[in-house]
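J.: First, the structure itself, so that you have it in front of you.
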Amino acid sequence: MNVQAVKVIYKYEMLRAWETLLQSFASPVISTALYFVVFGSAIGERIAQIDGVPYGSFIVPGLMMLALLTQSIANASFGIFFPKFTGTIYEVMSAPVSFLEILLGYVGAAATKSLIIGLIILATAGFFVPLEIAHPVWMAAFLLLTCVSFSLFGFIIGLWADDFEKLQLIPLLVITPLVFLGGSFYSVNMLPPIWQTVTLFNPVVYLISGFRWSFFEVSDVSVGVSLAMVLAFLVVCLLVVGWMFRTGYRLRQ
Amino acid sequence: MKSIVSVTNLSKTYSDGHEALKDVSLEIADGEILALLGPNGAGKTTLISIICGIVNASDGSVSVDGHDIIADYRHTRSLIGLVPQELTLGHFDKVWNTLCFSRGLFGKAPDPDYIERLLRNLSLWSKKDTEIMALSGGMKRRVLIGKALAHEPKVLFLDEPTAGVDVELRKDMWALVRELRESGVTIILTTHYIEEAEEIADRVGIIDGGRLILVENKQELMQKLGRKAMIIELDESLAEVPDTLARWGLELSGDGSQLTYTYDPRGVRTGIPDLLQAVGEAGLAVKDFKTTQSSLEEIFVSLVKGRS
């Protein structure tokens, strides 16, 4: 294995985040803090508890997921799209690196950045609302799986996109609506029955539900199903990336 | 000499149907400088890109140091350095960091001493902490060479290394290429500057329309295909070539003051002594005479034109 290559790609990507500290870390944290102020404090005080959890605390896992999903996708897609756009990808393609090593470097760095953002948001939430984590190990597992699987998804978008518009298309038009409609700010049980059924087709519901369970032991769907859905998404992403690498899709002519 | 790169029956057809390479076979000797000449779109960059692993071949095979570039890509790619045609660099990266990145990417452990030597050789040491976007075009090209050499390759591909650079920098680049060859690096460069190939190459390959027309030792190529001409300057202008000189096929210049005799320099008898004697016998007074040899450019043009 070309460990040096994985190290330099990972380091390069992390350095990029460090050099754009405000954009990489401060921006998502400030946005999430604003959500806490508006939904948690201002509106949340007028909303009754949901499944026995104060509203301000209830939205923490959803807000973390919102940030994790968008950041994982943004970091990973930009990480591979930009070298393609500038042409510097030639160096990676001509180096003695396997696709697994490329993946470990780029996706590993994107997932790490998202993980750091998630943990900062969690710490920030502690300043605004009372917070307890019922199952810290499961919380960490959901956090990690989400970061990795959506970084993989972002990597796929970055490989697929051949212009900046396409790079933004799926995150803006698909992911953000799915997260907002996936129970970030409410319990699925609060919806009319027909919409509860429709919501079950939204994969993000399973992520948020499982993650919320690890905090408060309340969930919209069973934890086992949530975990299975995250793992299934991870496997699908791996299969797609594997196919893209095998065929050289948008990388090798 | 031992072959370091072997290309066998290589073909490439892009998804839009364009046939960039047609059944190309080529042996590149260890330690030589091979110049691949050809007009734009001839297939030079495609050939290099396949050998380096950037483009997939449609047919044929390539081996480097006896290893197949697909089956043993780790071994073959670790031996190769590539300087691309475009200035493809991370503009916000610093010079030192980008060279260290390239070295690591090719699996080499960090070696600050080697990187420092490399930067000094490329006259970039004073710019090591400078962001690439702040460098001049010539410096950026040297950074690209530094990146390609950061992992100490045995084979270096230079794709149009002096495209768009000034004469002084071009000569610096040629000196650098010669130094690299002396250190044992095999160099393959693509160019459409004939002067470049003539100046530094050991062998010349000519590609046109995706086919490798010929690969020849530069001197032999010039001897084989190059013609020599002797120009005889006369004291008094002529209206026409005298009949007694007809057997030499002389060309008379427009003003009638010069006679040009074209001959094959490889011939045992060039016919020059007889011609000079016949000129004297015809009563023509010779003011001066000189000889010229066809350049690689003329050979190249005649080959490519001949094909089209």
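The values are calculated or read from the model by the stated rules, or taken from the named source; none is laboratory data. Just so it is clear, the model here is predicted, and its values are computed rather than measured. Because the Cβ atoms are built from the backbone with ideal geometry, glycine has one as well, and the counts that use them run over all protein chains shown. Keep in mind that these areas ignore ligands, DNA and RNA; they rest on the heavy atoms of the full protein, side chains included. Shrake-Rupley method; radii C 1.70, N 1.55, O 1.52, S 1.80 Å.
J.: Per residue, how large is the accessible surface of the protein assembly as shown? Use a 1.4 angstrom probe and give square angstrom. Don't skip to the answer; put the middle values down first.
T.: Details: 25640 Å² over 561 residues.
Here the residues of the protein assembly as shown average 46 Å² of exposed surface.
J.: Mind listing, in residue-number order, the residues in the range B:38-68 that have at least 40 Å² less accessible area with every protein chain present than in their own chain alone (1.4 Å probe)?
T.: Residues passing the criterion (a loss of at least 40 Å², heavy atoms only) are B:Ile54, B:Asn56.
J.: Let me ask you something else. Using alpha-carbon positions, what is the distance between the centroids of the range A:1-67 and the range B:162-201, in Å?
T.: 53 Å
J.: Along the positive direction of the dipole of chain A (beta-carbon charges: Lys, Arg +1; Asp, Glu -1; about the Cα centre), which of A:Ser72, A:Tyr35, A:Pro130 reaches farthest?
T.: With unit charges placed on the Cβ atoms, the residue in question is A:Ser72.
J.: Mind checking which of B:Leu169, B:Leu124, B:Leu275 has the largest fluctuation in a GNM of chain B, springs on alpha carbons under 10 Å?
T.: In the Gaussian network model the winner is B:Leu275.
J.: Using only the alpha-carbon atoms of chain A, report the extent along each of the three principal axes, biggest first, to the nearest angstrom.
T.: Principal extents (Cα only, largest first): 59, 37, 34 Å.
J.: Over chain A, what is the relative contact order in whole percent, taking alpha-carbon pairs under 8 Å and six or more residues apart?
T.: Computed value for chain A: 26 percent relative contact order.
J.: From Cα coordinates alone, what are the radius of gyration and Dmax values for the range B:227-294 in angstrom?
T.: According to the Cα coordinates of the range B:227-294, Rg and Dmax are 11.3, 33 Å.
J.: Right, something else. Using only Cα atoms, find the angle between the long axis of helix A:99-128 and the longest principal axis of chain A, and express it within 0 to 90 degrees, rounded to the nearest 10.
T.: Once rounded, the angle reads 30 degrees.
J.: Between beta-carbons, use under 13 Å as the cut-off and find the net charge around B:Glu116, counting Lys and Arg +1, Asp and Glu -1.
T.: +2
J.: Moving to a separate point now. Under a point-charge model restricted to the Cβ atoms of Lys and Arg (+1) and Asp and Glu (-1), what is the dipole moment magnitude of the range B:3-223 relative to its Cα centre, in debye to the nearest 20? Write out the running numbers ahead of the final one.
T.: Working: 24 positive and 33 negative charges, 134 e Å.
Roughly 640 debye, rounded to the nearest 20.
J.: Next up: If the only charges are +1 at each Lys and Arg Cβ and -1 at each Asp and Glu Cβ, what is the size of the charge dipole of the range A:4-133 around the Cα centre, to the nearest 20 debye?
T.: 220 debye
J.: How about the range B:92-136: which of its residues lose at least 50 Å² of accessible area in the presence of all protein chains relative to their chain isolated, using a 1.4 Å probe?
T.: Residues passing the criterion (a loss of at least 50 Å², heavy atoms only) are B:Phe101, B:Leu105, B:Phe106.
J.: Which one of B:Ala278, B:Gly256, B:Ala239 has its Cα pushed farthest toward the positive end of the charge dipole of the range B:227-294, where Lys and Arg give +1 and Asp and Glu give -1 at the Cβ?
T.: Most positive-ward Cα: B:Ala278.
J.: Explain nothing, just the number: dipole magnitude of the protein assembly as shown about its Cα centre with +1 on each Lys and Arg Cβ and -1 on each Asp and Glu Cβ, in debye rounded to the nearest 20.
T.: 1660 debye
J.: A further question on this structure: I want to verify a result. In a Gaussian network model of chain A, Cα cutoff 10 Å, which of these has the top mean-square fluctuation: A:Ala111, A:Ala42, A:Ala140?
T.: Comparing A:Ala111, A:Ala42, A:Ala140 in the GNM, the peak value goes to A:Ala42.
J.: Between B:Ser15, B:Ser126, B:Ser61, where does the largest GNM mean-square fluctuation fall for chain B, given springs only between Cα atoms within less than 10 Å?
T.: Among B:Ser15, B:Ser126, B:Ser61, the largest GNM mean-square fluctuation belongs to B:Ser15.
J.: Along the charge dipole of chain B, which of B:Leu176, B:Ala29, B:Val95 sits closest to the positive end, that is, farthest toward it, with unit charges on the beta carbon of Lys, Arg, Asp and Glu (+1, +1, -1, -1)?
T.: Ranked along the dipole, the leading option is B:Val95.
J.: Okay, next question. Would you grab the residues whose amide H sits under 5 Å from the one on A:Ile50? Only those 5+ places off in sequence or on another chain, please, with H modelled 1.01 Å from N.
T.: Sorted by chain and number, the residues that satisfy this are A:Tyr55.
J.: Whats the longest run of chain B with zero GluC sites (Glu not before Pro) that are DSSP loop and have at most 10 other Cβ atoms within 10 Å? Don't skip to the answer; put the middle values down first.
T.: Values: sites that count: B:Glu236, B:Glu240.
It runs B:1-235.
J.: Carbon and sulfur: what percent of the protein assembly as shown's accessible surface (1.4 Å probe)?
T.: About 58 percent, which is the carbon plus sulfur part of the accessible surface.
J.: Taking every residue in B:72-80, how many Cβ atoms of other protein chains lie within 10 Å of its Cβ, on average?
T.: The mean count of partner-chain Cβ atoms within 10 Å per residue comes to 3.
J.: Just reorder B:Asp159, B:Asp243, B:Asp172, B:Asp68 by solvent-accessible area, largest first, 1.4 Å probe, all chains present.
T.: B:Asp243, B:Asp172, B:Asp68, B:Asp159
J.: With a 1.4 Å probe on protein heavy atoms only, work out how much accessible surface B and A bury together, total over both chains, in Å² to the nearest 100.
T.: In total, chains B and A hide about 2300 Å² from solvent.
J.: Test of the criteria: in the range A:114-223, which GluC sites (Glu not before Pro) are in a DSSP loop and have at most 11 other Cβ atoms within 10 angstrom of their Cβ?
T.: A:Glu132
J.: Kindly express, to the nearest 10 degrees and within the range 0 to 90, the angle between helix B:167-182's C-alpha long axis and the longest C-alpha principal axis of chain B.
T.: Tilt of helix B:167-182: around 70 degrees.
J.: Now for a different question. Indicate, rounded to the nearest 5 percent, the antiparallel portion of the DSSP beta bridges found entirely in the protein assembly as shown.
T.: Of all bridge pairs located within the protein assembly as shown, approximately 65 percent are antiparallel.
J.: Once you average over the residues of A:92-104, how many Cβ atoms of partner chains fall within 10 Å of each Cβ?
T.: On the way: counts 2, 7, 16, 14, 14, 6, 2, 0, 0, 2, 1, 0, 0.
Neighbouring Cβ atoms belonging to other protein chains average 5 per residue here.
J.: List, in order, the whole-Hz ³J(HN,Hα) value for each residue of the range B:278-284 obtained from phi through the Karplus relation with A = 6.51, B = -1.76, C = 1.60 and θ = phi - 60°; use x for Gly and Pro.
T.: 5, 4, x, 5, 6, x, 8
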